[in-house]
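Bear in mind that the values in this text are calculations on the coordinates, not laboratory data. Treat the numbers as computed from the prediction; the structure is a model and nothing was measured. Methodologically, a virtual Cβ is constructed for each residue, glycine included, from the backbone with ideal geometry; neighbour enumeration extends over all protein chains shown.
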Amino acid sequence: MNVKIITLLILSVFGSNWFYAQSISSPSNFLGPIYFDSKGQLLSNPTDANLYRIYRPSNPDEKPGKQHLGINGVLTFKNNTENLYFYFEDHFITGEVQFQGNMWVSKLHQDQGLGLNSLKVHLKGECRWYHRNGQLAQVGVYDGESFYGDQKQFDNESKLIKSTPGLPLIQYNYVLERTILGLKNFSYGENGNSAILPVPQSNQAQSKEVIDTKPTDLAAKLMSMPRFSIRTYRPYLGLYQGKTINASIQKTANTSLEILEFIEKKEEVVLEVYWFGGYEAHTKLTGSIHDNVIFARGDWEVNGERVGIITLATFLQKEEGKLEGFFNIKLLDPNEKVQSCSFKLSKE
């Protein structure tokens, strides 16, 4: 059986399952969402999710109820020969589209782990992959793992970086386009591109709380914060909770942070923290303390894997148990931009 495995792209900044999963809902006329973790396993809720899928019958005039949809995209077929087609989109957990295209699902497909509730699907027709910044990453015409015409790949600035010839388009079976979509006598151009796919949907509203989308100037923030002696106050080990705002992707979320270690020697400091609450991230930072400011840097790890570098400025407040600060994260991927966040937390 031909199978196309939809590639899991590395999520920028927050790894496997950072913000806002609880607020995800399907746009109008779509079903789902269905959640997948970093290994492509089906999840029952957004916690620990990397991607989510929204979908609808490929024929826009067909009512979803006729497809015998069950929980989490499990299909009930009328018979062993019934063939169903779905238009679907996979999105990063933060909302940006990662893939769009159509899939062909039969009982045999589903029994083999290829279907709505599986990251592995039998692709059918034109398919598009996207960079996280919204630019087209790859496009081609597929039937399972086989592709027809040219498969084109682009960098995150829309520049063509590779064109791979596939099977001749004359060999492609147009059952989806001509029979399901009703596009009589439709055919793809020799370049493998067309305009049959709709504009990708977005079901993530941008936070009105955030207007700054540039990396935070930590030096400027340091200069603007109130200064006072902290000789009688240090952050206590334990759990803190509050809000974190990601200015780069314009999102706000509830956050939990646990200080696992805090060591100070003269003006030097070692700070180990664990961030969680719909995501997991761990970092151990080294730096210095000046007045009421900790300025430190360290590796940003997700599920034990180093994914970037975090630069942190934490402002210790006069009120015991309060933490406020900013951090920038630079992923190891050189194509990813620096992301900026701010936080306000209180000790439990």
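Key figures for this structure:
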{"read-out": "Label point distance in nm, E62-V199, each placed 7 Å from Cα along Cα→Cβ", "value": "2.6 nm"}
{"read-out": "Relative packing of peptides 162-169, 257-264, 92-99 - highest average C-beta neighbours within 10 Å first", "value": "92-99, 257-264, 162-169"}
{"read-out": "Sparse-neighbourhood loop sites, trypsin sites (Lys or Arg not before Pro) in the range 28-108 - DSSP loop, at most 13 other Cβ within 10 angstrom", "value": "K39, K78"}
{"read-out": "Residues whose placed amide H lies under 5 Å from that of L31, excluding near-sequence neighbours", "value": "Y55, R56"}
{"read-out": "Above-threshold pairs, the threshold being 27 Å between Cα atoms, out of K251/K347; K124/K152; K124/K251; K162/K184; K120/K330; K251/K337", "value": "K124/K251; K162/K184; K120/K330"}
{"read-out": "Cβ-Cβ FRET estimate between E268 and L108, R0 fixed at 51 Å, reported to 0.05", "value": "0.20"}
{"read-out": "Label-point separation in nm, S25 to N133, each point 7 Å along Cα→Cβ", "value": "3.3 nm"}
{"read-out": "In nm, spacing of pseudo-spin labels at N45 and V74 (7 Å Cα→C-beta vector)", "value": "1.9 nm"}
{"read-out": "Gain upon complete extension [K120, N185; 0.36 nm per residue less C-alpha separation]", "value": "20.4 nm"}
